[in-house]
1. Pop out the ³J(HN,Hα) list for segment B:66-81 in order, Karplus 6.51 cos²θ - 1.76 cosθ + 1.60 with θ = phi - 60°, rounded to Hz; leave Gly and Pro as x.
2. Just how far, in whole angstrom, is segment A:1-75 from segment B:9-86 if you go by their alpha carbon centroids?
3. Please list, in chain and number order, the residues 5+ apart from A:Thr102 or on another chain whose amide H is under 5 Å from its amide H, with Hs placed from the backbone.
4. With all distinct Cα pairs included, what does the Kirkwood hydrodynamic radius of chain A come out to in Å, to one decimal, could you say?
5. Please report the base-10 log of the normalised intensity I(q)/I(0) for segment B:1-57, using a Debye sum with one equal scatterer per alpha carbon and no solvent, at each q in 0.20 (1/Å).
6. Can you list residues whose amide H is under 5 Å from B:Thr48's amide H, if they're 5+ apart or on another chain and H is modeled 1.01 Å from N?
7. Quick one: order B:Leu11, B:Leu66 by neighbouring beta-carbon count within 10 Å, fewest to most.
8. Relative contact order, percent, of segment B:15-59 when contacts are C-alpha pairs under 8 Å separated by at least 6 residues?
Amino acid sequence: NAGVTQTPKFQVLKTGQSMTLQCAQDMNHEYMSWYRQDPGMGLRLIHYSVGAGITDQGEVPNGYNVSRSTTEDFPLRLLSAAPSQTSVYFCASSYKYSITGTYEQYFGPGTRLTVT
Amino acid sequence: KNQVEQSPQSLIILEGKNCTLQCNYTVSPFSNLRWYKQDTGRGPVSLTIMTFSENTKSNGRYTATLDADTKQSSLHITASQLSDSASYICVVSQRSNDYKLSFGAGTTVTVRA
């Protein structure tokens, strides 16, 4: 199993450009999510999906779009990049423990995005 | 607003010594509390998950405790190794929606030889 993979690892954009961050998982997890991590702050949820065809907004969704056409893939689109979107982006996927109902999350390696 | 506060923000310890990290939270109703380890330039990796009924949980040299009454948790690292140098993140979820996690800012641990 490759686990959760993310591409690219690094990206530099100019203000106003658009791009898609890729995320894929091969664990057949139903739940996938996108977070951003900024210095001195905890990870913040951008968007999440509980299954193919179903997405919902998290804590900081503005400026980002997602879609979930397959169980494996969950791309994050930046519509018009802004310097405030400079961050490290993590994708995560989850399965459910059958006994406790606790969802274990597996994180990808991250994409470091700089917007100039 | 659900919050997770961690202390200290950072600490330096000598190899072989022990240390304890603290986590206070206001998330309610509580479902579970997780501790993650995040190496520099990597994604977080789960160390432990504790539900309401669990007071202590160990994973090798890592021992987490939970006091759901006072809404406090600690992570104890025993006999630290250089590979323990990382950020340790406390994460709490609500009973109503276990998918939405509240993350602490993390404690950065540096282990020196």
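Just so you know, all these numbers are worked out from the coordinates, no wet-lab data involved. Since this is a predicted model, take the numbers as computed values, not measurements. Virtual Cβ from ideal backbone geometry, glycine too; neighbours counted across all protein chains shown.
1. 9, 10, 5, 5, 8, 6, 10, 9, 9, 10, 9, 10, 9, 6, 4, 10
2. Answer, in whole Å: 26.
3. A:Tyr97
4. On the way: mean 1/r = 0.0700 Å⁻¹.
Evaluated on chain A, it is 14.3 Å.
5. Relative scattering, expressed as log10 I(q)/I(0), comes to -1.02.
6. Distant-sequence amide H within range of B:Thr48: B:Trp35.
7. Going from least to most buried by this count: B:Leu11, B:Leu66.
8. Values: 37 pairs, mean separation 12.6, N = 45.
Relative CO of segment B:15-59 lands at 28 percent.
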